[in-house]
Structures are given as C-alpha cells and as structure tokens.
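Step one of this worksheet: look at the structure below.
The values are calculated or read from the model by the stated rules, or taken from the named source; none is laboratory data. Values in this document were obtained by computation on a predicted structure and should not be read as measured data. Reconstructed Cβ throughout: ideal geometry from the backbone, glycine too, with neighbour counts over all protein chains shown. With ligands, DNA and RNA removed, areas are computed over all heavy atoms of the protein, side chains included. Shrake-Rupley method; radii C 1.70, N 1.55, O 1.52, S 1.80 Å.
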Amino acid sequence: MLSIQNLHVEVGGKPILKGLTLELKAGEVHAIMGPNGAGKSTLSYVLAGRDGYEVKAGSITFLGQDLLAMDVSERAAAGLFLGFQYPVAIPGVSNLHFVRAALNAQRKARGEAELSAAELMKLAREKGKLVELPADLMKRAVNDGFSGGEKKRNEIFQMAMLEPKLAVLDETDSGLDIDALRVVASGVNALRSPERAMLVITHYQRLLDHIVPDRVHVLVDGRIVESGDKSLALRLEDEGYEKIRATAAVSGAAS
Amino acid sequence: MTTSEIEDVLAKRYEAGFVTDIEQEYAPKGLSEDIVRFISEKKSEPAWMLEWRLKNYRHWLRMKEPRWAAVSYPAIDYQDLHYWAAPKIGSAPKSLDEVDPKLLETYEKLGIPLHEREILAGVQRPEGDPDRPRVAVDAVFDSVSVHTSFKEELGRAGVIFCSFSEAVHEHPELIQKYLGSVVPFSDNFFATLNGAVFSDGSFVYIPKGVRCPMELSTYFRINAAKTGQFERTLIVADEGSYVSYLEGCTAPQRDENQLHAAVVELVALPGAEIKYSTVQNWYPGDEDGRGGIYNFVTKRGVCKERAKISWTQVETGSAVTWKYPSCILEGDDSIGEFYSVALTNHAQQADTGTKMIHLGKRTRSTIVSKGISAGRGQQTYRGGVKIAKGAVGARNHTQCDSLLIGNRCGAHTVPYVEVHEPSAQLEHEATTSRIGEDQLFYCRQRGLSEEDAVGLIVNGFAKQVLQELPMEFAVEAQKLLGVSLEGAVG
C-alpha cells in the first residue's frame, strides 16, 4: 500500500530524514518509535504533503501512485489520513459541519455522490460511539476549547467518518490520561481492517499495549535503524533510545 | 501553504464589474446652486424640499472634508463629478413592462438572490406558501428608483415602501417631520453634501402595531461613469411596529474612483424594532485600488422608549469605506445593536465602526465587530460608546475581533468610551488572530480545497455576525466572503 524508498527530506535547509525506507501492506499496523528530533513528525508531514518539507531524494508510492506528485487534498481524497499531534481549532465552524464538508469534498474528488445531511447525521452518530464522543462535541466548533483528550478522540472520530485507506497517527497518545488513552486506542482498534493500513507514530511504548502493532520500527537521526515485532517496543522501553542511538551512530559512520 | 500562496487565492476578480449599456441622462458636471435647483426641478419637488436642499448646500460650502479617519485617498474634485444621472426611461414606470429590460438584466447579472430577481421580474410566489420568505424590492439605478415591488400588498397592511422622490410628493407630512431629524443638515461634510444633491433612495413607514409582512429590500447600483451616487433612506417605525430591511450595493468596474455618499435615518418610535441589514459589495478597485468606490456613509437611528435598532453589515467592497452606523438610545429601556463583518483585500481601506449614545435609563447596546484583512488591506475599527449623565443602569458590551491573512495587511482598533454615569456597566473584548498555515493545512489534509478551507475559516470567524442576517441574505453574504477572499490562498 505504502512504499517509501530512500527518502531524504530537509526542513529549512537542514536534513531531517536521511534515507528512510519503509514498506507497509494493507491490513498491517506499523509503529514508528524514536527519540525527540529523530524525524517522526517530519515523516508524517511529508506523507500528508505539508509545505516546507523538501524532498531531496527518494520516492513514496501510495496505492501505486506517486504520492509526492499529489497535493494535500488529493492525498486526502486518495485515502491518506493524518491524525494530528496537535489538532488545530477552527472557531465558529461546527465539528459536524466540518466533517461533512471534508467528507463531501473527498467524495466529490472521487466522483462519488455527496452525503445528505440526514445520512451524515446517521453516520456521525454511529461513528461517534466508537470513541464515546459526547453529542455536544459534534455541535461545538472544531477543537475550539476542547481538552487534550477531546481533541484526540475527535481525530479518531474524523478518521472513522472519512474511512481512509492509510491512517498516519502522529503521537496520538500525547496529552492523554490512561482512561482517554484506552478510549482512543479502542476506537483505533475498531477501525483496523484488512483493507486499511496504519502507521502509528509514538514516543512511548504504552500506546502499543493498547494498539498492538504488527511491526515496530525505530527511527533515529532520520533513518530506521532497527525493525522487529512488538517485543522491540518493550526492549526499547527497558533500554531507552541511547543504546540504539550509539549503535546507529557507529553504523552511520561506517556507511 | 505559504503567505504568498494565500494571497494568490485572494486575488480574485470582482464579479459585479460590468457596465449596462443604457441611455443615460446627465446633469452637467460640477456643483452649484443651479445644479441643486436642476436636481430639484428634475424631480418636480415642492418648494420646501428645494429650500432644504439649498440650506444643506450653503452650509456645505463652509465645511471641510474630514481627514481624521485612518484612510488615505487622493483629493476628490467635487466639481469634476456628475450629481445627477438617470437611465432614460421617461416618466416613472407604472409596471415592470415599462422598465428597460436591460435594467432587469443588470439585476440578474448582479446575482441578486434568486427570489428577489423573481420579484423584480414580476414572478409572484404561490399563495399559501408561508415557508418561502418574500421580499419587497426597491431598485435604485444611479440616481433614480426604477422599480418597487409588492406595493399593493404592503399597502393593505398600511406599510409605505416607495422611492424617496415619490414619498416627497405623496407623504410630504412624514418627510417634513422626519427628514433630518436623526442626521441633521449640518451633521458632517458628506451627509450635508448628500442633503444638497441626494437623488433618490427608499422611504419606509410602518404604522402603529404592524409587523411588516415581508422583508423590505433595496438594491443600489452605480452604473454611469464619473457620477456620484447620493441616496437617502428614511425608515420610520411607528409605535410597536417591526420591520426588517435589507440593502445591497454593487457597481461596475471603472478606471476612475467614484463617490458614494449616502445617508440613512432610522426612527424607531416607542416599542418599535428596526432590523437593518447591509451587504455592501461596491467595486473595490483593482489591486491598487484604482477605480474603486469611495464610500462615505452616514447611518444613524434613534430609539424611543423600549425601541430597538439592530444594524448588521457585511462590507466586502469599496476602495475606501468610511461608515459608522450608530444608535441614539434616547428612550428608557431602548436597545441598540451593531454586528459587522468588514473585509479588506488588496489595497482596500476601511475605517468603520459604530457609535452607541446612551441617553435613556437602562439602555443597552451590543457591538460585535469582525474585521478580516488580507493583501495590503488596512482596517480600523472606530467605535464610540457614550453614556450620558442620567442614563442610569446603562450597559454596553463590545467585542472586536480581527483576522489577518498574510503579513502585509493591518488591523487597528480605536475604541472611544465616555461615561458620565457611575451606574453604567461596560465591557470590551478584543482579539487579533491570523489564518494560520496550520489551520489551512489541517483543513486541506481532510480533503478541502484551498478556497474552501479559507472560506470555511473566514465564515467561522464571521459566524456570530452572519447569523444575525436574514436567512436568504446570510447565504449570499457567505458566498461573497468566499469570493472576495479567493486569491488569498494558492
């Protein structure tokens, strides 16, 4: 579904990703872990197509298409969803109106019929249950005055509404207490399906207790330095990133 | 998305910028007593009307153009303008058939809301269709009112809705009583100029206890070149009555700036309510402001006991806007409201706000001002709240929010507060924010196009004001905000 080959990315002239390679198949959930500044968020923004992230080399193929040739909303319509680490508030725009505008924009881009208000309401009620989204949160302005937990639930709610092919979840666990984490994780788990892939970016192992990944990749200094099954996450939790960073530095120097 | 890309989306063309090719009749250029007499004669006005015009003119000669507003524009040569231009359609049309089809075409091209165009075209809504709002329309083309619809039906309710000229002839007692009663002849340079040369406008009278059965609407259109448009609107709501009035404005695209100096007077007698909504889309000029309308407007209302006046405005047009719809809260327990969205893009400048003058006891006022600046647009909110001695328990709440798009525009807030009554309560809130690259990216990641994302964010920002507009107008206003901002993002 997603194939990243030898990706080099600069931000403001500074190299951040330095030859990242990753393969993700439909139905799989991969976790990307790494210390601060390793390039985790950069990876998520490059995938979504944010300005200011300059691809210097490498390629990204998404569902057989050249992802880098598509603009931000085209990528969304093709089925790429980014769950933001810091979801943005849009004052005055109701959450429900926003998600309807987004869903219909995507459907239109794909040549599908737009949903009526009634169809949307029904869908929203159904999907809202996945993350126990309170009814008033649908009517309130997008992320405006939401608590940290409400924002993250809202991200997963939007993901449920938009039904993407690939979900990139950037630090979905940050700012969540343990109960909110459980709710968000169960929402994500409910959305796992053989047709959908997920890339879960996280700093901590604890999220992976709830969302169990098929593969874990360790991102250090712009490169994936180690990959393994979920036990790798546990090992990291014990050993910290320092040891891996040291190994990576040595291998980086050697190459 | 970068700032420069944002600005690309904002660089959208003005959609009402066409000229209608209709035979025009002009007064010679320039302003003099003779021109004032000429206009009065053209309209076969009674002597008292001419006298009032001359009183204004003579006073105006001694006045200086105000320069305190935070707008800059080249000096206006008042002798280089036509003060009268009218489409040649003979005497006042009795029915729609007598109206030049090209005029109707103009209103069509303007994208006047469909139902209103229907009305202008004489299409009646089926009877017994109470859900569909009906609007009576008065259309003012350059200097004359060309068509007023629904007159008979309004007449049955006792409502008078006609052109100002007609009212001078048919309801002289009302005009003589209320003309200049809210905006006196000596009020300010532009209002006094208007008093001398005003060409036409609308007159509304709602009798005691009558709730006007439909929205009343006027469309103002400047068409002729090098012509000033000076319309005058007078609305009198008698005791316990209610009226909602809508005003829309457009002009063609020209190379030279045109002057527009209107006066609106509202009189809300005890217990009456007037809701006055404006969607102003005068031609804003090209990217450097060339050809845009200079819009110097005086709008003021007086509220007697328990009366309420609510101004709602969406200002997206004009090169220069100078406008402060105000309320004199004279009667006890009267209420004044001002809801405004002003948008300045490219080289547009707006100095706008309101004045709430509290004289009566327990008078209340609310001000919600939303300014959106993009391109090199400059915008000033200038608001005055005055609580006079004796206005016991008066209250004001003011909220001023500014939204900036790009980094070459400006937003300024200049509140004046004058309180002579210790029991008064005033609150003032102000915020300034920027449409962030992060907001746009968030919307686009969810699948929205750049234009739709900007439109969504701006409409969200303006929502508190837009929801005050009558439903059918709100939809137009929303679209207008989107269109005016296209080119702001790219």
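Interface size between chain B and chain A, please: total buried accessible area, 1.4 Å probe, rounded to the nearest 100 Å².
Roughly 2100 Å².
About its Cα centre, how strong a charge dipole does region B:258-322 have in debye, to the nearest 20, once Lys and Arg get +1 and Asp and Glu get -1 at the Cβ?
420
Please work out the ratio of the alpha-carbon Rg of region A:151-243 to 2.2 N^0.38 Å and round it to two decimals.
Relative to the 2.2 N^0.38 Å estimate, region A:151-243 comes out at 1.10.
With a 1.4 Å probe and all protein chains left in place, how much of the accessible area of region A:1-87 comes from carbon and sulfur atoms, in whole percent?
Reported share for carbon and sulfur atoms: 47 percent.
Per-residue mean of other chain beta-carbon atoms within 10 angstrom of the beta-carbon, peptide A:137-144?
Neighbouring Cβ atoms belonging to other protein chains average 1 per residue here.
Go through region A:175-190 residue by residue and turn each phi into a ³J(HN,Hα) via Karplus (6.51, -1.76, 1.60, θ = phi - 60°); whole Hz please, and just put x for glycine and proline.
With the stated coefficients, region A:175-190 comes to x, 9, 7, 5, 5, 4, 4, 5, 5, 4, 5, 5, x, 5, 4, 5 Hz.
Mean separation of Cα pairs under 8 Å and 6+ residues apart, divided by the residue count of region B:401-449: what relative contact order is that in percent?
After rounding, I find 54 percent.
Could you grab the relative contact order for chain A? Cα pairs under 8 Å, six or more apart, rounded to a whole percent.
27
May I have the pair-distance distribution P(r) for region A:6-104, computed from all Cα-Cα distances with 5 Å bins from 0 and rounded to whole percent?
2, 10, 19, 23, 21, 12, 8, 4, 0
Could you give the semi-axes, largest first, of the ellipsoid that matches region A:77-209, computed as the square roots of 5 times the alpha carbon gyration tensor eigenvalues and rounded to whole Å?
23, 18, 13
Mean separation of Cα pairs under 8 Å and 6+ residues apart, divided by the residue count of region B:235-355: what relative contact order is that in percent?
After rounding, I find 25 percent.
Mind checking the log10 I(q)/I(0) for chain A at q = 0.11, 0.15 Å⁻¹? Debye, one equal scatterer per Cα, no solvent, two decimals.
Each listed q corresponds, in turn, to -0.59, -1.09.
Based on the Cα atoms of region B:255-312, what semi-axes does the equivalent ellipsoid have, where each is the square root of 5 times one gyration tensor eigenvalue, given in whole Å with the largest first?
33, 10, 6
What does the structure give for A:90-98 when I average, per residue, the other chain Cβ atoms found within 10 Å of the residue Cβ?
Mean inter-chain Cβ contacts per residue within 10 Å come to 6.
For peptide B:447-457, what's the mean number of Cβ atoms from other chains within 10 Å of each residue's Cβ?
Other-chain Cβ atoms within 10 Å of each residue's Cβ, averaged: 6.
Using a 10 Å cut-off on Cβ atoms, rank the peptides B:473-479, A:130-136, B:271-277, B:324-330 from the highest mean neighbour count down.
In decreasing order of mean packing, B:473-479, A:130-136, B:271-277, B:324-330 become B:324-330, B:271-277, B:473-479, A:130-136.
List the GluC sites (Glu not before Pro) in region A:185-242 that DSSP assigns to loop (not H, G, I, E or B) and whose Cβ has at most 11 other Cβ atoms within 10 Å. Which are they?
Listed in order of number, the matching sites are A:195.
When only alpha-carbon atoms count, how far does region B:348-490 stretch along each of its three principal axes, as whole angstroms with the largest first?
Over region B:348-490, Cα extents along the principal axes are 56, 33, 24 Å.
Using Cα centres only, tell me the gap between region A:1-57 and region B:373-452 in whole Å.
Region A:1-57 and region B:373-452 have Cα centres spaced 40 Å from each other.
Let's see if you can work this out: charge +1 on each Lys and Arg Cβ, -1 on each Asp and Glu Cβ, no other charges. What is the dipole magnitude of chain A about its Cα centre, in debye to the nearest 20?
340
If the cut-off is 29 Å between C-alpha atoms, which lysines fall inside it for residue A:108, apart from same-chain ones fewer than 8 positions away?
Candidates past the 8-residue exclusion: A:25, A:122, A:127, A:129, A:139, A:151, A:152, A:165, B:12, B:109, B:463, B:479.
Counting only heavy atoms of protein chains, what accessible area per residue, in Å², does region A:127-255 have with a probe of 1.4 Å?
44
Could the peptides B:372-378, B:33-39, A:199-205 be put in order, highest first, of the mean number of other beta-carbon atoms found within 10 Å of their residues?
Ranked from most to least packed, the peptides come out as B:372-378, A:199-205, B:33-39.
Using the reciprocal of the averaged 1/r over all distinct C-alpha pairs, how large is the Kirkwood radius of region B:233-336 in Å?
Result for region B:233-336, one decimal place: 14.4 Å.
With every protein chain left in place and a probe of 1.4 Å, what is the accessible surface of residue B:310, to the nearest 10 Å²?
For residue B:310, solvent-accessible area is about 0 Å².
Need one number: the % of Cα-Cα pairs in region A:1-56 sitting beyond the 15 Å mark.
Percentage above 15 Å: 49.
I'd like the antiparallel share, as a percent to the nearest 5, of DSSP beta bridges with both residues in region A:92-225.
In region A:92-225, DSSP labels about 40 percent of beta bridges as antiparallel.
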